[in-house]
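Only one structure is covered here, and it is reproduced in the block below.
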Amino acid sequence: FSQMYWTFLNNLATWMQAKMPGKLLLGDSYSEVRMLPEFKLSPTIMVITVWDLAELDADGRLVPDKTGVSPLGGWLKVASHLGNHDWLQGYGYFLPRSYVGYYDTYLKALQKAGVQDSFQHLEAYPNWGLDGPKYYMVSRLMWNPNQDVKGLWKQYCDDMFGPASAPMNQYFNTLETLWIQLDN
């Protein structure tokens, strides 16, 4: 289905470019249409991968295969614009579902690849008491991926918890380490 889907989107993008110049057509790389097309996509298509970045290591999104190309690199070869949809929500979890370090790694990989205009969409149904810090951290990294994650966590804990900053910083970092170990 992927080849048919991406062929259709390329044809639609050609039509759209004539009728509505300057607009981008979004195409979700998801489920039965998640495979790379065998051809370059129109520069007016933005591919939206649907990657759960909590699984960044387990899914090997940044790891080159035997041809030397990672899944991220594959999409960057065929698409001029790239985005991602992620389920960052924590609703239904009893401990913070945090993987801010993976966002740091992913956003820096996009930046290193020269991606200037990526679109990141986060699906969030927050339990604010547990998830507020992670949303704050990820939004700061999206704004500027060159920030130091450990420094951001320290600043957040200093600002929010004052004298309890050090144990709260350890709490969030321990939970992120635990989440990643359990998830991978």
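The values are calculated or read from the model by the stated rules, or taken from the named source; none is laboratory data. Computed from a predicted structure; not experimentally measured. Using ideal geometry, Cβ is built from the backbone for each residue, glycine included, and neighbour counts are taken over all protein chains shown.
Do we find that residue 169 is farther than 18 Å from residue 56 by Cβ and crowded, with 16+ Cβ neighbours inside 10 Å in this structure?
Answer is yes for this residue.
Cβ contacts < 9 Å: first residue under 30 Å from residue 111 (Cα atoms), restricted to region 147-174; second residue surrounded by 17 or more Cβ atoms within 10 Å (Cβ to Cβ) and β-branched (Val, Ile, Thr), any location; separation 6+ or different chain. Result?
Qualifying pairs under 9 Å: 149/100; 152/100; 153/100; 172/100.
Against the conditions (1) of a type in the set (Phe, Trp, Tyr); (2) under 27 Å from residue 37 (Cβ atoms); (3) touching a Gly at 6+ places or on another chain (Cβ under 9 Å), where does residue 102 fall short? Just the number, please.
In the conditions (1) of a type in the set (Phe, Trp, Tyr); (2) under 27 Å from residue 37 (Cβ atoms); (3) touching a Gly at 6+ places or on another chain (Cβ under 9 Å), residue 102 misses (3) alone.
If we scan region 40-57, do we find a residue that is loosely packed, with under 14 Cβ neighbours inside 10 Å, of a type outside the set (S, T, N, Q) and touching a Ser or Thr at 6+ places or on another chain (Cβ under 8 Å)?
Within region 40-57 (the criterion being loosely packed, with under 14 Cβ neighbours inside 10 Å, of a type outside the set (S, T, N, Q) and touching a Ser or Thr at 6+ places or on another chain (Cβ under 8 Å)), the answer is yes, since at least one residue qualifies.
For residue 17, work out the one condition from (1) outside any loop (DSSP other than H, G, I, E, B); (2) more than 30 Å from residue 173 (Cα to Cα); (3) modelled with pLDDT of 95 or more it doesn't fulfil.
For residue 17, the exception is condition (3).
For region 97-121, which positions are touching a residue at least 40 places away in the same chain (Cβ under 8 Å) and β-branched (Val, Ile, Thr)?
If the condition is that a residue be touching a residue at least 40 places away in the same chain (Cβ under 8 Å) and β-branched (Val, Ile, Thr), then 100, 105 are the ones that fit.
Report, by residue number, each residue of region 130-164 that is among the small types (Gly, Ala, Ser) and over 14 Å from the mean Cα position of the chain (by Cα).
Of everything in region 130-164, those that are among the small types (Gly, Ala, Ser) and over 14 Å from the mean Cα position of the chain (by Cα) turn out to be 132, 151, 162, 164.
Could you tell me whether region 143-161 includes any residue that is of a type in the set (Ser, Thr, Tyr) and over 30 Å from residue 76 (Cβ atoms)?
So far as region 143-161 goes, yes, one or more of its residues are of a type in the set (Ser, Thr, Tyr) and over 30 Å from residue 76 (Cβ atoms).
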